[in-house]
Each structure stands twice: as structure tokens, then as C-alpha cells.
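Below is one structure; the comments refer to it alone.
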Amino acid sequence: MNASDDDLIAQARQGPQEYRALVERYQVRIYNLIYRMVGNPQDAEDLALEVFWRFYRSLDRFQAGAPVYPYLYRIATNLCLTHLKARRTLAEPLLDADLVPAPEGHPEVEQQRREQEAALGGAIQSLPPRLRAALLLRHVEDLSYQEIAAALEVPLGTVKTWLFRARQTLIERLKAEVVTP
Amino acid sequence: MTLHDFTFCARLQQQLQPWLDGALTPNESALLQGHMAICGACRSSAERHRDLWRLLSQLPVRSPSPGFSSRVTGALPRRAAPQASWVPGAALALGCLTAGAAALLGLLLAVLPMLWPSDELAEDPELLLDWGVEIWQGYVGASLDSPYHLLGGLSLLLLGAGWALFIVLRSATPGARPAHG
């Protein structure tokens, strides 16, 4: 039986080794979100480590019964935005095409899929960080407009505008190479 | 395409994203779908949007490198043994009770010799009141003449209050926190 988040929080308060179960529950989601934000596996891993360290330090203040994941993705999003602001350079293209496991289906179809993923990854990386964050929270994390507004601490209307601009940009960028068959 | 058609299409295309996000009302959705059934341009725009949604939903999920959770927990210091939540409150209550008891004891020691009225006084309220006034005047006078009574009481009072303050300060001191970061 899976332990509840509350159980894992209580366990984590006992020490680092007991914190591991909570980390293992959320590490993939958090890492994936960060990876899509920063587009670099090493930076993503460093930032994901920092997210879990920060959460550990805030365990004493964490309210019992509060949902854990929104707290984690807020830390992650803020860290990513700060990181991207500090980096102030265009992110490296996503390495999806290099990192995806060897295709098992038809080689040409798989090759096309990998190219599409790489193109989309690159297009996402070209978005301004806040637009990128809104897009990923919507499509990767499946958050509602309201949840995105809360995570990014902006009004609802701003989220809608950012999402609209982000998607229009992606469609324009991908029109030639991905979306149009 | 007339100008009217163009502006109508432009307005409906603004609704494509909210529609795919499921954020339109049933009436708005019906209007949009009805228009797309007769407008090839809007239909193909909707297809491009759908393709983007599909691609975004198919982005592969990335995982951190093996041993990630060990790196998280390995860098964290052990936490101080957690205090049960009732301890500070109990200590505070005990401190206050002790301070009160010490103060009462000090007062009793200071005025004890004068606290026993005769049977005669106890039966007559007026005499008892006079006796009380005499006691007070006598106590103040005795304290002024020989302040040992007063000093004894005050010493115990200060001792109790000091101990209560110590308990309060000790309870308010934050526990050890992880120093990582």
C-alpha cells in the first residue's frame, strides 16, 4: 500500500534517510519539469537537487495536510526562472534526439518522431522563460489556468495571454518542419 | 472572403486555444464548431493547434540519473531529535505554576505569623475588618522596620519568575535546522 504524502512528510521529519521515500515519489516529475524548462540535463539535475534540499529545510514549516506537489513545483519554477535569468543566454537545444532510447518501431517513423520531438524541444527553449513556464505547467503538469496563475504569482488574464503567445509562437516555428505534414 | 468573414474568423480563432483547453462554455464551443464545419481556414488552423497539443502531450518524460535520491539525502545533515509538540507547552505551564507557587509561598512566609485571628475576632465581622487593616499596616511597618519579611517574599517571587522566564526562552529557541545550502 502506498503511504500518503502526510505519512511521508512525518517520516521525512525524522532525518535525511527517511526523506528518501518522498524524494523518490516526486523526483521524476520535478526533474522532468525542470529539464523542460532549462533544456540541459546537468543544470536540470542540479536544480532538482536544490528543490529537494529546499523542501527538506522547510519541512518544519510545512502545513500538515497541504498538498506536496504544488509546493515542489512552485519551488522548481521559481528556481528555474532565477536560473534562466542569471544565465541570460539562449538555452542549448534539447538533447531529446540524442537521449531517446533506440527506436523499436519502423525506423523512418521513429526517426521522424525523434526529429519532431527535438524540433519541439528547441522551439520550447526559444520561448521567453515565463511563457515557457506557463506552457509547461499547462501541458506537462496539466495544471489549470488558476493553478498556473498561483504558481507564477500573476493574474489569470496574464496566464491566458502568455499561453496564447507561447502556443502561437510554437505553431509558427513548427509550421514548416513539424506540424505541416 | 469578406471583411466581415475575416473579422469573424479572427475572433473565433482567438477561441481555439481556450476551446482545446476545455475552457469555453457549451454555447461558445457549439458556435466555434459550427463555424469550423463551414470554414476551411479555421478548420485547418484548428488542426494545427491540435497537432501542437498532441506533440506536447507526447514529449517523453525525462528521469534524473540513477542514485539521484541518494545524492539528495547524502548531502543533508541529520536533524536534531524532534521534540514532541506537547513539551514546550507543558514546560511553560509547569514554569508558570511553579512561579505562582513560589510567589504564594513567599507571601505566606512573610505574613504567616500574623495570619491567625483569635476566635473572638473571627466571630465579629467589624473586628475582623479592623484586624485586617492592622495586619496590613503592621506588615508594611514591619517591612519598613525590618525588611527581612518583604525580602524573603520578593526573593522567592523573583526566583520563580526567573525560572519561568528561563523555561519560556528555552521553549522559544528554534531546534537545529539543516545547514545545507
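The values are calculated or read from the model by the stated rules, or taken from the named source; none is laboratory data. Keep in mind that this is a model prediction, so the values were computed, not measured. Cβ: placed from backbone, ideal geometry, glycine included. Neighbour counts: every protein chain shown.
Within the stretch A:13-37, count every residue that is surrounded by 20 or more Cβ atoms within 10 Å (Cβ to Cβ) and either of a type in the set (Phe, Trp, Tyr) or within 15 Å of A:Pro67 (Cα to Cα) (or both).
7
Say whether the condition of being at pLDDT 80 or above and at negative phi is met by at least one residue in the stretch B:77-85.
Of the stretch B:77-85, the ones at pLDDT 80 or above are B:77.
With the extra rule that they be at negative phi, the set shrinks to B:77.
Checked the stretch B:77-85: at least one residue is at pLDDT 80 or above and at negative phi.
Residues checked against (1) under 10 Å from the mean Cα position of the chain (by Cα); (2) under 27 Å from A:Gly15 (Cα atoms); (3) in the same structural domain as A:Asp7 (by TED's automatic domain parsing); (4) surrounded by fewer than 19 Cβ atoms within 10 Å (Cβ to Cβ):
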residue: A:Pro41; (1), (2), (3), (4): no, no, yes, yes
residue: A:Tyr69; (1), (2), (3), (4): no, yes, yes, yes
residue: A:Tyr73; (1), (2), (3), (4): yes, yes, yes, no
residue: A:Ala76; (1), (2), (3), (4): yes, yes, yes, no
residue: A:Leu79; (1), (2), (3), (4): no, yes, yes, no
residue: A:Thr82; (1), (2), (3), (4): no, no, yes, yes
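Run down A:Leu120, A:Leu170, A:Leu94, A:Leu143 and say which single residue is within 16 Å of A:Arg36 (Cβ to Cβ), at pLDDT below 95, at the interface with chain B (Cβ under 10 Å from one of its Cβ atoms) and outside any helix (DSSP H, G or I).
A:Leu94
Specify which of the listed residues (B:Asp21, B:Asp51) is under 30 Å from A:Ala44 (Cα atoms), surrounded by 15 or more Cβ atoms within 10 Å (Cβ to Cβ) and more than 7 Å from chain A (Cβ to nearest Cβ). Walk me through how you get there before you give the answer.
Working: B:Asp51 fails: more than 7 Å from chain A (Cβ to nearest Cβ).
When all the criteria are applied, what remains is B:Asp21.
All but one of (1) under 23 Å from the mean Cα position of the chain (by Cα); (2) under 24 Å from B:Pro77 (Cβ atoms); (3) within 11 Å of chain B (Cβ to nearest Cβ); (4) not polar (S, T, N, Q) hold for A:Arg29; which doesn't?
A:Arg29 satisfies every listed condition except (2).
With the requirement that a residue be more than 21 Å from A:Leu120 (Cβ to Cβ) and not in a helix (DSSP H, G or I), what does the stretch B:4-56 give you? Walk me through how you get there before you give the answer.
Pass one, the stretch B:4-56, residues more than 21 Å from A:Leu120 (Cβ to Cβ): B:4-15, B:18-19, B:22-43.
Hits for the stretch B:4-56 are B:Gln14, B:Gln15, B:Gly22, B:Ala23, B:Leu24, B:Thr25, B:Cys39.
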